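The values are calculated or read from the model by the stated rules, or taken from the named source; none is laboratory data. For clarity, every value in this text was computed on a predicted model and none was experimentally measured. No Cβ is skipped: glycine too gets one built from the backbone with ideal geometry, and neighbour counts run over all protein chains shown.
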Amino acid sequence: MGARYQGVFPVAPTIFTEQGELDLDGQRRCLDFMIDAGSNGICIHANYSEQFALADEERELITRTTLEHVAGRVPVIVTTSHFSARVCAQRNRRAQAMGAAMVMVMPPYHGATFRVSEPQIQAFFREAAEGLDIPLMIQDAPASGTALSAPFLAKLARGIDAVSYFKIETAGAASKLRELISLGGDAIEGPWDGEEGITLLADLDAGATGAMTGAGYPDGIRRITDAHFAGRRDEAVEQYARWLPLINYENRQAGFLAAKALMLEGGVITCDKPRAPWPELPPPVRAGLVDAARRLDPLVLRWGR
């Protein structure tokens, strides 16, 4: 637990208006809620932020707005993924200059078929890390369709100074975390959990020191992680069992719209719509999500009321 960053770092959603424009006031309220709910840090521009629906100038505006509004209250991770190593490196250096605590990057991929081999991936991360004094987190997620073995990730950590954090959200995450920690040793500063915390307990048992979840209920996730980090595993198990129905509903039913739906319900924001062409939450899914949340009384349902 000697890492620079540890704990719960939820992904902030991007808040839009009814017309699909950026809602910066809503974005600021979202950030304030996340901090009030106990987030140890915040990540922006991840897939759960609908980063794939943002223009470059919008990314820049949200990054600046976030860092200025958070103003050092918690560390902010800026996701900078791009197929081009050159573009990714430029995004990384820009985020660092603006005050990001860390950058997060997926391996290079495009669409369903464009992939590169391990030597090209290693060269990509080496270029992406040039000029960085802050950590670079590699996001190992099914969305990329790129297999990143634990030995290869450990090799990247040992060979590239900035590469020291890893968000593991593939199948068998706990086993992969154990192998990565074993192979990488001190080069692995931050082995983290993802996937909305659906495998959080097993991943904590495997040595995860961080969790990057959805933004709807960091106060609930903290009850699990805080207990586990303090050595109170029985309490962590009880809290995981208590919050698991809501975690499962987000992970398997509502997806990245869950946080915004809960924030709308609690008056944090005034619009929870995604940007087209992504469909809105079906009313029965929304109702089920809110019902699961109300049984737990998370801050999100009370914050704006």
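In table form, for the structure just shown:
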quantity: Pair list, Cβ < 8 Å and 6+ apart or interchain, from the stretch 152-166 residues that are among the basic types (Lys, Arg) to residues that are at pLDDT 95 or above and surrounded by fewer than 20 Cβ atoms within 10 Å (Cβ to Cβ); calculated: Lys155/Gln122; Arg158/Ala187
quantity: Residue that is surrounded by the fewest Cβ atoms within 10 Å (Cβ to Cβ), among those in the stretch 101-115 that are out of contact with any helix residue (DSSP H, G or I) (no Cβ under 7 Å at 6 or more places or on another chain) and touching a residue at least 24 places away in the same chain (Cβ under 8 Å); calculated: Ala112
quantity: Answer from Asp56, Asp23, Asp36 - the residue that is within 17 Å of Ala95 (Cβ to Cβ) and of a type in the set (Asp, Glu); calculated: Asp56
quantity: Tally, over the stretch 169-202, of residues that are assigned to a loop (DSSP other than H, G, I, E, B), farther than 14 Å from Ala141 by Cα and of a type in the set (Asp, Glu); calculated: 1
quantity: Any hit, the stretch 249-256, residues being more than 27 Å from Glu18 (Cβ to Cβ) and touching a His at 6+ places or on another chain (Cβ under 9 Å); calculated: no
quantity: Number of positions in the stretch 168-188 that are within 17 Å of the chain's Cα centre (by Cα) and acidic (Asp, Glu); calculated: 1
quantity: Residue list for the stretch 144-173, filter: under 30 Å from Gly220 (Cβ atoms) and surrounded by fewer than 19 Cβ atoms within 10 Å (Cβ to Cβ); calculated: Ser144, Thr170, Ala171, Gly172
